[in-house]
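Shown next, in structure tokens, is the structure this report addresses.
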Amino acid sequence: MRLFLATIYKEFLQLVRNRTLLFLITGAPVLLLTIIPLAFDGDVRIRAGVCKISYNETIRDVEKRIAASPFFEELVYYSSIEEAESDMKKGELDMFLVIKDKEANLVLDGTFPRRVSGSIYAVATEVFGIETTGVNFHTLYNAGRSYRNYYLVSLVVLIVTIISAALITLNIVNEKESGLEEQFRATIINRKIYFSGKFTFHILLSLFVSIYSYLFCFIVYDLRSEGSLLLLLLATLLYSLPVLGLGAFIGSKSQTQLRAVYVLTVILVLLIMLSTMFSHHDSMPEWAAASRFINPVWYGIESARIIILKGI
């Protein structure tokens with residue numbers, strides 16, 4: 001037990017004395033969670049234009065409705081159809097309305113089908129007041145359609161994965177390169193206890209990174225968990241075991257840090273891209289979708305999403 005605690009304390013001192021690792025643990029999550037969520041948005045906001053061929057009360061009403069609608073990002077005025085078509089070809093416009101007398105024509109950019117369907121729905125409901133009837137969807141999973149929180153949870157799991165796997169991999173390889181492993185073999189210290197202490201320290205470190213990241217999301221983005229926080233920590237603990245095991249395996253088989261970083265990067269990119277973090281498994285080939293069941297990153301993301309967004 002004394003050797004076990006001494007190993008944990010030794011790992012803590014190594015971490016504290018290395019400023020680069022301290023920044024990786026404390027600064028990298030803040031930097032990533034501040035910048036990346038700004039680029040993730042599931043909402044479709046439409047850039048619309050209006051051609052003023054004949055100015056009347058109909059155009060005034062359309063302008064008011066588009067300006068007040070949450071579907072439209074901005075409203076641009078054009079004096080001719082050719083000018084509007086030129087901006088649409090440049091990708092600066094999604095749709096424009098041509099209103100002449102009592103006749104209205106809608107021109108859409110068909111490059112992105114999602115924006116086309118969103119444009120038709122927005123014009124039908126906001127401009128012409130047409131209420132569509134049909135199937136009503138009630139989503140239990142992410143019921144509020146908060147895509148920012150949806151991506152935040154995945155991003156926290158991604159940060160925990162990269163930091164946990166990278167730290168234990170570089171730690172093991174660094175001991176090899178510094179000759180500490182050769183000195184260790186000349187002692188009577190129990191290797192199982194020593195590596196158990198090292199593994200336990202990195203598990204605690206993974207929990208710290210997870211708590212630190214979720215706390216930042218709560219303060220900055222008001223991300224609240226619908227489920228139990230203890231259950232979330234337990235899921236993070238279980239998830240960190242295979243991730244740390246992967247990192248420890250790569251570190252034990254690598255002789256240099258450069259080789260370890262290359263191998264770890266390739267494997268992590270493969271696991272992350274197949275984990276449904278950026279695309280749903282329904283849009284994947286069958287073999288890729290089935291591979292998620294042996295992918296530890298998928299279990300980490302799914303458990304975090306279910307606990308935080310859905311609540312169990």
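The values are calculated or read from the model by the stated rules, or taken from the named source; none is laboratory data. From a predicted model like this one, the values you see are computed outputs, not experimental measurements. So basically every Cβ, Gly included, is an ideal-geometry build from the backbone, and we count neighbours across all protein chains shown.
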Exactly one of Ile188, Ile159 is aliphatic (A, V, I, L, M) and not in a helix (DSSP H, G or I), and that residue is Ile188
With respect to Leu270, is the statement that it is within 22 Å of Leu207 (Cβ to Cβ) and assigned by TED's automatic domain parsing to the domain that holds Ser206 true? no
Condition first: among the β-branched types (Val, Ile, Thr), within 24 Å of Leu21 (Cβ to Cβ) and surrounded by 15 or more Cβ atoms within 10 Å (Cβ to Cβ). Can you find one or more residues in the range 251-260 that meet it? no
